[in-house]
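A.B. asks: Got a structure for you, questions after.
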């Protein structure tokens, strides 16, 4: 398993430099491949009158045999009637940060005209849809280079030709429309729909590609390559053979990756691989040398190793080279990094170091870079904004509001304290890291983040501009069984500016009832553009829109006990029953061992187990589209549409409380859906079995839950390190009696 990540260690810096160099020219993709065979669920077909478009459940069909880039293309078969109309839309869901339009860019795509009676006038029109508007239609044929049949044609359209296109607004979809009507059926194929910068390198790829290794893990083949700093490389193209003679293209990968998993149909079989670099005009380099690999099944522990390593790898690769912080997406003009998810990255990287997946020194250097960045970064009373510009080192305020995030700061500081405990060797580098972490820890003024007229109730944000005495009134208070527990414990354990111990009863064990909730994306601003979660537990709130003329009584939040004994699906649920994601219930226990949390009213470990069992029973009863009871974990369902999505982190991460439940889920997800759901970064963000769809993105919270909670279930590593933090140990002893401490 060490081979899975060791190769990255010596070249990760080079790789990220390459990514930064190409940030302004690298394309944003609308469509390159459907992750699911049969239909492309991120398409939508409409027609009326005597027009028609071939579809399955209103989605375009996928061609697995005819494609421009492996492994598939879209099939568009249509009839343009004189008294009808049709359209087919390709939704933009690839990038977490929407593509920023530039008037000098191009929309490019490949088409294959199968029906030889199709003239240029019968080819569709094309438009770009944005949130609030749509561009005017353009004739696709006007931009085809070298028109012909039964061959792939290049279409290149300057964005400047699309009238009514708002360059400041995000792209939502590319649409194809009926053009000239003739009553005949036409058939074309579409592939590689993407936005491309005007200026890209055309340097010839004369050197052979370098495939470093091919290692089999069950039906997953882990390929690694050595990518040169050649600016004209667009893709890595992967070829496979079963006889070392007849090689077929099976996959492509972007240059932001130094390796990947590729799926094979059988175990106990020998396969052969080679790769080629591909330039922006899709001209290939000479092939690499061939690597031979033989597949073999994995036992239970090896499968857990594989799953955990892949989720750790997500945080190893996705970071900003300047700050070391977690990078949700590589933007064109700046690197927006997330403070909260960087905390998740710290814990995951420590897991990787302890398991021998990453060299300890690499993790030390990465975390040290984060700490240096944060020490220089802008803060208010020690609290950080949710996001920074990793290159400029300044806050990146979302929605135009200058505020500082208490929960994001908590997650980061808490993870760094775990790192302080882990890097305990008496050498200069580790001692320096510990000292700098302590400096960050000591600067947090928890007493500046409290609700008016209290000394033990935290608010979710601190305003960056409002210094009035009642500034905290505009933000909701924190409380409940969620990651805000960690904020209160840190506040009570703080070396300076600490919260009183009463914050346990008045803060953690009470929630705010009078705040309005916002539907938030699972991964905050970087969520999959098609997915919106249910409200997270009790700390994400809409700002209270109260007039400054209101009386103090009318604006003070209404808070009450978290306890609401309920029995659902045969289980006693002490905090009531709702439709929130279990992932929010898990997050406090990334660091806190639930065994250590028990008071006279609540045994938290028993409560967690009951919630897991009740939610599993509900999901099994409703049905997620699978006949396997171990596949469960709704995070979203839309009854009016019938779309159900399973978060594949929820059931596996349950291992920390119910090991057998989590292990069975991992096995079921991998064995039945691993070919579409599991990659070099772990499980994808969601799986929709009813609509035969899968996300093409990942959520940091998901990847962290699997990497960290599996480790806690297997070794208790993060729990142990957290419990040994002197300040945390002291406050936990003060909060809980001798009975709980012995357990």
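A.B. asks: Tilt of helix 726-735 relative to the longest C-alpha principal axis of the chain, in degrees (0 to 90, nearest 10)?
C.D. replies: 60
A.B. asks: State the label only: which of (1) 87, 73, 49; (2) 82, 60, 52; (3) 76, 75, 53 corresponds to Cα extents along the principal axes in Å computed from the shown model?
C.D. replies: So the calculated entry is the one marked (2).
A.B. asks: Still on this structure, I have one more. Can you tell me the order of 645-657, 590-602, 402-414 when each peptide is scored by its average per-residue count of other Cβ atoms within 10 angstrom, highest first? Intermediate results must be reported in sequence, preceding the final value.
C.D. replies: Values: 645-657: 28.2, 590-602: 18.5, 402-414: 24.5.
Descending mean neighbour count gives 645-657, 402-414, 590-602.
A.B. asks: Quick one: Cα centre-to-centre distance for the range 202-273 and the range 62-92, in angstrom?
C.D. replies: Comparing the Cα centres of the range 202-273 and the range 62-92, I get a distance of 28 Å.
A.B. asks: Quick check on packing: order 689-699, 112-122 by the mean number of other C-beta atoms within 10 Å, highest mean leading.
C.D. replies: Answer by packing, highest mean first, reads 689-699, 112-122.
A.B. asks: Taking neighbour Cβ counts within 10 Å as the exposure measure, how do 661, 267 sort from fewest upward?
C.D. replies: Arranged by neighbour count, lowest to highest, 661, 267 become 267, 661.
A.B. asks: Give the angle, between 0 and 90 degrees and rounded to the nearest 10, that separates the Cα long axis of helix 12-21 from the longest principal axis of the Cα atoms of the chain.
C.D. replies: Compared with the principal axis, the helix lies near 60 degrees.
A.B. asks: How high is the relative contact order of the chain, in percent, with contacts defined as C-alpha pairs under 8 Å that are six or more residues apart? Please report the intermediate quantities before stating the final value.
C.D. replies: On the way: 1626 pairs, mean separation 80.2, N = 743.
Reported relative contact order: 11 percent.
A.B. asks: Considering Cα pairs under 8 angstrom that are at least six residues apart, work out the relative contact order of the range 318-363 and quote it in whole percent. Write out the running numbers ahead of the final one.
C.D. replies: On the way: 40 pairs, mean separation 10.6, N = 46.
Relative contact order here is 23 percent.
A.B. asks: Taking every pair of alpha-carbon atoms in the range 566-743, what share in percent sits in each 5 Å bin, from 0 to the bin with the longest distance?
C.D. replies: Pair shares across the bins are 1, 8, 16, 20, 19, 15, 10, 6, 4, 2, 0.
A.B. asks: Quick one: what Rg and Dmax do you get for the range 28-196 from the alpha carbons, in Å?
C.D. replies: Rg and Dmax of the range 28-196, Cα atoms, are 14.9, 41 Å.
A.B. asks: Going highest first, how would you order 374-385, 284-295 by mean Cβ packing within 10 Å?
C.D. replies: Numbers: 374-385: 19.2, 284-295: 15.8.
Packing order, densest peptide first, comes out as 374-385, 284-295.
A.B. asks: What percent do you get for the relative contact order of the range 65-189 when only Cα pairs under 8 Å and 6+ apart count? Write down the numbers at each step before the final one.
C.D. replies: Numbers: 249 pairs, mean separation 55.3, N = 125.
RCO, the range 65-189: 44 percent.
A.B. asks: With each run of n ≥ 4 DSSP H residues scored as -39500 (n - 2.57), what mean residue ellipticity at 222 nm is computed for the chain after dividing by its residue count and rounding to the nearest 500 deg cm²/dmol?
C.D. replies: My calculation for the chain gives -8000 deg cm²/dmol from helical runs alone.
A.B. asks: Quick check: the angle from helix 360-376's long axis to the longest principal axis of the chain, C-alpha only, nearest 10 degrees?
C.D. replies: Once rounded, the angle reads 80 degrees.
Read-outs throughout are calculated quantities, based only on the coordinates presented, and are distinct from any laboratory measurement. Small disclaimer: the values here were computed from a predicted structure and weren't measured. Cβ sites come from the backbone with ideal geometry, for glycine too, and all protein chains shown count toward neighbours.
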